[in-house]
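Presented below is the structure to which this report refers.
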Amino acid sequence: MNREHGAHRALVVDDDEFMLKILARTLESLGYQAIATCTSGAEALSRLKRETEPPHILLCDLSMPEMDGVEFLRKLAEIGYGGAIVLISGLDKRILSTAETLARGHRLHILGHLEKPVTPNQLKTMLARWQPRDEPRAPASAESCTVDEIRAGLVQGQFVPWFQPKVEIVTGWVAGAEVLARWPHPARGMIAPDCFIPAAEQHGLIGQLTETILTQSLRQAQAWREQGIDIKVAINVSMDELVQLDFPEQVLELAQAAGVKPFNIILEVTESRLSNNALIPLDILTRLRLKGIGLSIDDFGTGYSTLTQLKNFPFDELKVDQSFVRGAVQDPAARAILESAVNLGKKLSMRVVAEGIETKEQWDLVAALGCDIAQGYFIAKPMPGPDLPAWIKAWKAP
Ligand code: C2E
Ligand code: CA
Ligand code: CA
């Protein structure tokens, strides 16, 4: 018994009273003392609305009459429940993982899902993912970046490239680094790209942002080369940016100015969200390839990155979206998609990259499936350029 959990509140929601008892007993055996139970989503919601101290952990059955689990999750998000949630169901595993995806979409803190019957050990392992230090929190409010702030940041040269290593799985060799834009804002602290990239795209500032990131990254690549580190840099661009026919020439000019060879540059391309005329991007991408620059199809497998793109555009690298990598160890559907994507890439003689590798298990899996390159927190988090040489020196492939 774990006494640490004595002060932690748990709530179990299940229409099956027998199941409720079993889950409550299991929690008790794990050291939880403040355990409440509800037999419907509606009852649980009114309880949560009344309480000043919400439960730290909520176990929730998905299939309940009246309010089902999906509706319950949506309502939990609406009232801003910030504790941890474990989903439980006797239904098909795919429904469980879809519900999990939905809940994450609502920014709920999902620990994971369990199939019925739930064993004490499974529940214990699941709850071990929860850090008791995480106090229930308010739902993450989407930070926003205004267009004026971004414009000012660009004028003042505040945007910088960070770099995340891409390593060859078989040899452990550091093949390159993906450039990820960062904004160390003087007042707001470090701002992540999800905040400023969409806004920059919407307001026509993305071209300027790409140029400053590209320029700085190429200079960094040249500085590494002077220290004996010769690796590729991979820059992110969206199809929507590819509107200027002279884009390849601009890239080449910047590369030349920095002294970087075109074959040391990769562009990681994401599909256009607008279905505009694809001839211009096709023209641009084809000429980039002709000039020796590598092209990677990014987020492969997601809605915006499709088989048609793969057929029509001259990509030489395929980056499987991290959601499939993350899911693959547990979820057979994600694993099947990952496996097919890798095979597809191989058949088309492309370099296959698995991104979002967070664990040794995932590394082993993508290695076994034949991926060429791995990237993710398990290897290294994104870092400022000057930190990379020391990281490479210390890096030992698993
Ligand atoms: P992306 O191209 O898919 O980049 C990978 C994102 O996953 C990065 O987030 C990276 O930090 C994160 N990541 C890498 N390894 C792991 C891991 O093991 N676990 C997890 N959970 N995450 C991991 P970041 O830096 O926040 O960038 C988000 C997105 O913003 C990028 O997604 C890319 O689409 C976009 N972006 C970043 N920099 C630029 C840029 O300069 N230009 C454009 N157009 N887009 C950019
Ligand atoms: Ca990318
Ligand atoms: Ca990606």
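Where does the chain land at 222 nm, in deg cm²/dmol rounded to the nearest 500, when only DSSP H runs of n ≥ 4 count, each adding -39500 (n - 2.57), divided by all residues? All intermediate terms of the calculation are to be shown ahead of the outcome.
Working: 15 runs with 165 residues, N = 398.
Taken over the chain, the calculation gives -12500 deg cm²/dmol.
Averaged per residue, what accessible area in Å² does the chain show with a 1.4 Å probe, protein chains only?
Values: 19410 Å² over 398 residues.
With the other protein chains kept in place, the chain gives 49 Å² per residue.
Tell me, what HN-Hα J-couplings in whole Hz come from the Karplus equation 6.51 cos²θ - 1.76 cosθ + 1.60 at θ = phi - 60° for each residue of the range 52-66, using x for Gly and Pro?
8, 10, x, x, 6, 10, 10, 9, 9, 6, 7, 9, 10, x, 6
Give me a comma-separated list of calculated 3J(HN,Hα) values for the range 37-46, in order, Karplus coefficients 6.51, -1.76, 1.60 applied at θ = phi - 60°, integers in Hz, x for any Gly or Pro.
So the J values, rounded to whole Hz, are 10, 9, 9, 8, x, 4, 4, 5, 5, 5.
Whose amide H sits under 5 Å from the amide H of W173, counting only residues 5 or more places off or on another chain, with H placed in the peptide plane?
Placed amide hydrogens put E168 under 5 Å from W173.
If DNA, RNA and ligands are ignored and the probe is 1.4 Å, what is the ranking of E268, E100 by accessible area, most exposed first?
On the way: E268 0, E100 25 Å².
Accessible-area ranking of E268, E100, largest first: E100, E268.
Quantify, in whole percent, the carbon and sulfur part of the accessible surface of the chain (1.4 Å probe; protein heavy atoms only). Don't skip to the answer; put the middle values down first.
On the way: 10230 of 19410 Å².
Solvent-exposed carbon and sulfur of the chain make up 53 percent of the total.
Using a Cα-Cα cut-off of under 18 Å, which lysines could be cross-linked to K75, ignoring same-chain neighbours fewer than 8 residues away?
Here the lysines satisfying the reach criterion relative to K75 are K49.
Tell me, what ³J(HN,Hα) does each residue in the range 356-361 have, in order and in whole Hz, if you take phi through Karplus 6.51 cos²θ - 1.76 cosθ + 1.60 with θ = phi - 60° and put x for Gly and Pro?
x, 6, 10, 9, 4, 4
Using all C-alpha to C-alpha distances in the chain, build P(r) with 10 Å bins and read off the rounded percent in each one.
Going out from 0 Å in 10 Å bins, the chain shows 4, 20, 26, 23, 17, 8, 2, 0 percent.
Quick check on packing: order 46-54, 204-212 by the mean number of other C-beta atoms within 10 Å, highest mean leading. Walk me through the numbers before you get to the answer.
Numbers: 46-54: 12.0, 204-212: 16.7.
Ranked by mean Cβ neighbours within 10 Å, highest first: 204-212, 46-54.
Enumerate the amide H contacts of E268 below 5 Å, restricted to partners 5 or more residues apart or on another chain; note that Pro and chain-start residues carry no placed amide H.
I235, N236, V237, S296
Which entries in K232/K311; K347/K396; K116/K346; K311/K360; K291/K360; K232/K346 show an alpha-carbon gap greater than 27 Å?
K347/K396; K116/K346; K311/K360; K291/K360
With a ≥ b ≥ c the root eigenvalues of the C-alpha gyration tensor of the range 3-45, is it rounded (a/c under 1.5), prolate (a/b larger than b/c) or oblate?
Working: a/c = 4.45, a/b = 1.63, b/c = 2.72.
Cα axes put the range 3-45 in the oblate bin.
For the range 3-127, just say rounded, prolate or oblate: build the C-alpha gyration tensor, square-root its eigenvalues into a ≥ b ≥ c, call rounded for a/c under 1.5, and beyond that prolate if a/b exceeds b/c, oblate if not. Spell out each step's value before the answer.
Values: a/c = 1.38, a/b = 1.11, b/c = 1.24.
Cα axes put the range 3-127 in the rounded bin.
Out of residues 5 or more away from L11 or on other chains, whose amide H comes under 5 Å of its own, with H placed 1.01 Å from N in the peptide plane?
Sorted by chain and number, the residues that satisfy this are A36, I57, L58, L59.
With the Cα gyration tensor of the range 247-398 giving a ≥ b ≥ c as the square roots of its eigenvalues, does the rule (a/c under 1.5 for rounded; else a/b larger than b/c for prolate; else oblate) give rounded, prolate or oblate? Mind showing how you got there, number by number?
On the way: a/c = 2.18, a/b = 1.18, b/c = 1.84.
Judged from the Cα gyration tensor, the range 247-398 comes out oblate (a/c at least 1.5, b/c at or above a/b).
The values are calculated or read from the model by the stated rules, or taken from the named source; none is laboratory data. In this text, all values refer to a predicted model and were calculated from it rather than measured experimentally. Glycine also receives a Cβ, built like all others from the backbone with ideal geometry; neighbour counts cover every protein chain displayed. Remember, those area values only see protein heavy atoms, side chains included, never the ligands or the DNA or RNA. Shrake-Rupley method; radii C 1.70, N 1.55, O 1.52, S 1.80 Å.
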